[in-house]
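Notes to accompany the following structure.
None of the figures in this text is laboratory data; all of them are computed from the coordinates on show. What you see is a predicted model; the values in this text were computed from it and never measured.
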Amino acid sequence: MVAVALEKHQVYYVLGAEGDWATDCGKLFADSIRESFGISTPRYVPDIMRDARAVGAWHDVGDGYVPKAGDGVVVLGDNHVVIADGNGGYTGA
């Protein structure tokens, strides 16, 4: 999933972008999941959080969970999602 996201670093950042010419953080996350696993995921960060909670894939801050490569990490409240690289870093739009 990280590799798929990194391939998209050459496209423009446009909030709310549609299509292949541009992306935003939620679209990058959703597209990376779809291309990596064939699973459709919402692109709006609060919806990503809701769906993660619904399937038991949500970890609250301070619970000791360390993100693994490909995990989505919500930052800045519920305004931004990035993808963990598994080495303590992140990629995102």
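Relative to the dominant Cα principal axis of the chain, helix 25-37 is inclined by about 90°. Over the chain, the ratio between the Cα radius of gyration and 2.2 N^0.38 Å evaluates to 1.01. Estimated from helices alone, the mean residue ellipticity of the chain at 222 nm is -9000 deg cm²/dmol (sum of -39500 (n - 2.57) over DSSP H runs with n ≥ 4, per residue). Based on the Stokes-Einstein relation at 10 °C and a viscosity of 1.306 mPa s, and on the Kirkwood radius from alpha carbon pairs, segment 40-93 is assigned a translational diffusion coefficient of 137 µm²/s.
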